[in-house]
Each structure stands twice: as structure tokens, then as C-alpha cells.
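Here is the structure we will look at, set down as C-alpha cells.
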Amino acid sequence: MKPASPQALALAEIGGLLLDAALVGLLVFALVDRIAPPQDLAWKPFSIDQPLGLATQAKLARIGADPAACRAALRDVGITPVDQPVREDGFCSTRDTVRAQSRLSPAAPVMTCPLALRYAVWERQVLDPAAEHLLDSDLVRVEHLGTYACRTIYGREGERPSQHASASALDVSGVRLADGRRLTIAADFHKDSPEGRFLRVARAGACELFGAVLGPDYNTAHADHLHLDLSPYRLCR
């Protein structure tokens, strides 16, 4: 029997190393899969009741790209989305829009299903815990200035379409609490108080869920509200 050539021995050694690496990789994957929180693992099922995690954005993007999956995710937690008629007007569209139960006021505005899903997560995983922890009260209502508006950015001629033109943006102006307090972005956002801290925590949490989040720190046009949208780029101001 001829002895193996140096090249064959080298290849066998490399193959053994690769096999060892693959086994180690499988063991690491199994360990991570077992002990890591589901919200941090992209392959784990999504739930609105999960805290925000490393994989939340990826899961929301995947579900939001599938209209049926988006609606199913809302229904899974008792939110019944009602499909809205599709209207097309130049660059404006209400495609994939729904009305859904929430604590928004005015109630059930028209918005895309991906926006409704992200808002539901924000309400449950950011606003509710922050209200309890910082304000010692329950969130009753989230006040807003609108969602769909067929216009360009700032309504200026020649500008690119606003996210509002596709019902992919929500302008939040304040909240009401169970103890009767009303907090507004205009009056309370910059205060060194529990109310101000709550609103800044609300913005920080929104930045983990939405595309662009614009508020009083961005410009005077956003001095009285937080603009939350589904822009493909990320901006948190």
C-alpha cells in the first residue's frame, strides 16, 4: 500500500479541521438557541408580547413585507385590522392600509399594516412600561395629529413625497394617563421631570422600531409632535 502523499495528508488535515469547526459551530448554535431570549434570535417566532431585542427590527421587516403575515400578527394579540380601500392619486397611495384598535386618539386612523404593527409593539413594549415605571400610572390614550396626507415633505412643491403620502407615518402629539395627567410633546418633552423623561424614553424606544423618528430636537416643524415613519433610512432626532 502506497503511503499517502503530503498533499493528501494536508487535505485530510484541513478536512478534519473543517469538520471540527462545523461541530463547534453546531454546538454554539444549539447553545445560543437554548439560552438566548427569543427577541434576540431572528429565527424564533415573533410576538408583540416580546420585549424589544436584537432581532425585533428584522422580524418586523420580514412580517411587514407579507400583508397576510402582518394582519395575522395583529390578530394573534386580539387586534382586528380592518382593510381599507386602495386609493391612488399620483405619488399618494393607501395600498396595504388598515384601521386597527389601539389607544390612539382620534381612534383607528388609516395606516399601513406594517406601521400599525410597529405602533402596537411601541405601545405595549415602550409606552406601557415607561408609564408604569416613570409616572406610576397607566397609559389611557395616545394623541396624534394624523397619518395619511397626500403631500410632499413639509408640503413644499418639488420635494420628495412624504411618508404620510402612503399612510406610512404617524405624528404623536401627547398622551393621557389614568390619573388624569395629560403630557404633550410641545409642553413637556424638554422638561427635567418624570413627564419629560417619559416622553424622551418614548422617543428612544420608537427609534428601535421605526425608520425615521423626528421630534423637537430635529427642527421647529416637529416642536409639537414625534413623527414616526417607515423610511428605509434610520434617523433618530
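The values are calculated or read from the model by the stated rules, or taken from the named source; none is laboratory data. This structure is a prediction, so every number in the text was calculated from the model and none was measured. All Cβ positions, even for glycine, are placed from backbone atoms using ideal geometry, and neighbour counts span all protein chains on display.
Of note:
- Any hit, segment 82-90, residues being polar (S, T, N, Q) and either modelled with pLDDT of 95 or more or more than 16 Å from the chain's Cα centre (by Cα) (or both): yes
- Considering residues of segment 66-77 that are without any contact (Cβ under 8 Å) to a residue 40 or more places away in the chain and among the small types (Gly, Ala, Ser) only, the residue nearest to Ala120 (Cα to Cα): Ala72
- Residues that are part of a helix (DSSP H, G or I), modelled with pLDDT under 95 and among the polar types (S, T, N, Q), drawn from segment 142-169: none
- All positions within segment 145-172 that are touching a Ser or Thr at 6+ places or on another chain (Cβ under 6 Å) and within 15 Å of Glu123 (Cα to Cα): Leu170
- Against the test of being surrounded by fewer than 14 Cβ atoms within 10 Å (Cβ to Cβ) and assigned to a loop (DSSP other than H, G, I, E, B), the options Pro85, Pro109 yield a single qualifying residue, Pro85.
- Residue in segment 206-228 that is over 16 Å from Leu145 (Cβ atoms) and of a type in the set (Ser, Thr, Tyr) present: no
- Some residue of segment 199-209 being closer than 28 Å to Gly64 by Cα and in contact with a Ser or Thr (Cβ under 8 Å, 6 or more places away or on another chain): yes
- Residues in segment 142-178 that are farther than 22 Å from Gly211 by Cα and touching a helix residue (DSSP H, G or I) at 6+ places or on another chain (Cβ under 8 Å): Leu177 alone.
- The residue of segment 191-225 that is modelled with the lowest pLDDT, among those that are of a type in the set (A, V, I, L, M) and closer than 15 Å to Ile153 by Cα, is Ala221.
- Subset of segment 153-177 that is free of Cβ contacts under 8 Å to residues at least 24 places away in the same chain and surrounded by fewer than 16 Cβ atoms within 10 Å (Cβ to Cβ) - its residue that is nearest to the chain's Cα centre (by Cα): Ile153
- Under the condition of being in a strand (DSSP E or B) and touching a helix residue (DSSP H, G or I) at 6+ places or on another chain (Cβ under 7 Å), the residues counted in segment 113-141 number 1.
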